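Engineer: Have a look at this one before I ask anything.
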Amino acid sequence: MKHSGLVGSRLTAAALLSSVAIIQSSAASAQDKPANSKPAAISESESEPATIIVTARKKSERLVDTPISITAFTGEDLKKSGVTKLNDLAVRTPGLQYGNFGDEKLSPTSLRGIVADAGSAGADPAVGIYVDEVFIGQGAGASIDYFDLDRVEVLRGPQGTLFGRNTIGGVINISTVAPTRDFDAQFEGGVGNYGLIQAQGAIGGPLVGETVLGRLSFFGNRRNGVDHNVVLDRDVNSQKSWSARGELLFNISERFSATSPASSSIGWI
């Protein structure tokens, strides 16, 4: 018993000496640090996410301040994700589904499971699609190319108060890049498997001083067929489409301005 007590006393003394050594080491480290040293500053990009401005309630406000179930994408987000069609957007948006059938007028769009089984290009949809606050509808009109966009907002739930009929399931609100007072030109291209070739570009700036501004953009997409028809002995389900969009902005006064957009697209299989 005495031998055990002696061993315990030695262990206790060793532990105390180790604690004192650790405290002295910590104090020495603290003394080595300059008195006026401060923690490294956190940059704004690391501390706060980028602010996204939306117009879901017909006014510009931050996404975090909008009391609506909404998913928003900036134009840069769409480019990085390779979103060029509605079916690409549906893959990245919770609750959004797109039929993407061969017959576009039979390709319904649904939000939260609410869908209008149209069966006709003139039937009322359950999800309204707006481009710069202009109603596009569903079916063949919904299959537009996504290019030169400022943002895309997907609003879930009935939106009839602000957007009118045909929005019981929700709204896909698309905003294009508006003309600016500064000259801007850009071009992008890409290639992929199955002979995929994509190209898009835009040019814009002042036309008549700062009174009349303009912007012109285009998008082209071509891809070989991904399936082979053994009966016809040829590849099918290919893609070929071209789209162009132009917009004029008239700054009539400091409080009043008017826009004149125009767009055209053609696609075939």
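Engineer: Name the one entry in ASN229, ASN221 that is free of Cβ contacts under 8 Å to residues at least 40 places away in the same chain and either over 30 Å from PHE183 (Cβ atoms) or in contact with a Ser or Thr (Cβ under 7 Å, 6 or more places away or on another chain) (or both).
Structural biologist: Answer to the selection: ASN229.
Yes or no, residue by residue, for (1) in a strand (DSSP E or B); (2) of a type in the set (Phe, Trp, Tyr):
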| site | (1), (2) |
| --- | --- |
| LEU216 | yes, no |
| PHE219 | yes, yes |
| HIS228 | yes, no |
| VAL231 | no, no |
| LYS240 | yes, no |
| ARG245 | yes, no |
| ALA258 | yes, no |
| PRO261 | yes, no |
| SER264 | yes, no |
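Engineer: Quick one: ASP235 ticks every box in (1) free of Cβ contacts under 8 Å to residues at least 12 places away in the same chain; (2) exposed (fewer than 14 other Cβ atoms within 10 Å of the Cβ) except a single one, so which number is it?
Structural biologist: (2)
Engineer: Let me ask something additional. What are the pairs, 6+ residues apart or on separate chains, where a residue within segment 245-266 that is free of Cβ contacts under 8 Å to residues at least 60 places away in the same chain has its Cβ under 6 Å from a residue that is part of a strand (DSSP E or B) and of a type in the set (Val, Ile, Thr)?
Structural biologist: Qualifying pairs under 6 Å: PHE250/VAL212.
Engineer: Here's a check for you: in segment 145-166, which residue that is part of a loop (DSSP other than H, G, I, E, B) and under 21 Å from the mean Cα position of the chain (by Cα) is farthest from LEU96 (Cα to Cα)? Please lay out each step first, then the result.
Structural biologist: If we filter segment 145-166 for residues that are part of a loop (DSSP other than H, G, I, E, B), which is where we start, we get 145-148, 157-159, 164-166.
Within this subset, residues satisfying the condition of being under 21 Å from the mean Cα position of the chain (by Cα) are 145-148, 157, 159.
Numbers: ASP145: 18, TYR146: 17, PHE147: 20, ASP148: 22, GLY157: 11, GLN159: 15 Å.
Top of the filtered list is ASP148.
Engineer: Could you go through segment 164-172 and let me know if any residue there is over 30 Å from PRO94 (Cα atoms) and modelled with pLDDT of 90 or more.
Structural biologist: There is no residue in segment 164-172 that is over 30 Å from PRO94 (Cα atoms) and modelled with pLDDT of 90 or more.
Engineer: Which count do you get for residues in segment 169-200 that are assigned to a strand (DSSP E or B), of a type outside the set (A, V, I, L, M), more than 17 Å from ARG215 (Cα to Cα) and in contact (Cβ under 8 Å) with a residue 24 or more places away in the chain? If you could, list the steps in order and put the result at the bottom.
Structural biologist: First, the residues of segment 169-200 that are assigned to a strand (DSSP E or B): 170-176, 184-192, 196-200.
Add one more test, that the residue is of a type outside the set (A, V, I, L, M), and what stays is 170, 173, 175-176, 184, 186-190, 192, 198, 200.
This time we only want the ones that are more than 17 Å from ARG215 (Cα to Cα), so: 170, 173, 189-190, 192, 198.
From what is left, the residues that are in contact (Cβ under 8 Å) with a residue 24 or more places away in the chain are 170, 173, 192, 198.
Number satisfying all stated conditions: 4.
Engineer: Within segment 69-113, restricting attention to residues that are of a type in the set (A, V, I, L, M), modelled with pLDDT of 85 or more and out of contact with any Phe, Trp or Tyr (no Cβ under 8 Å at 6 or more places or on another chain), which residue is surrounded by the most Cβ atoms within 10 Å (Cβ to Cβ)?
Structural biologist: Among those residues, the one meeting the criterion is LEU111.
The values are calculated or read from the model by the stated rules, or taken from the named source; none is laboratory data. Note that the structure is a prediction, hence the values are computed from the model and not measured. A quick note on method: Cβ atoms are made from the backbone with ideal geometry, for glycine too, and the neighbour counts reach across all protein chains shown.
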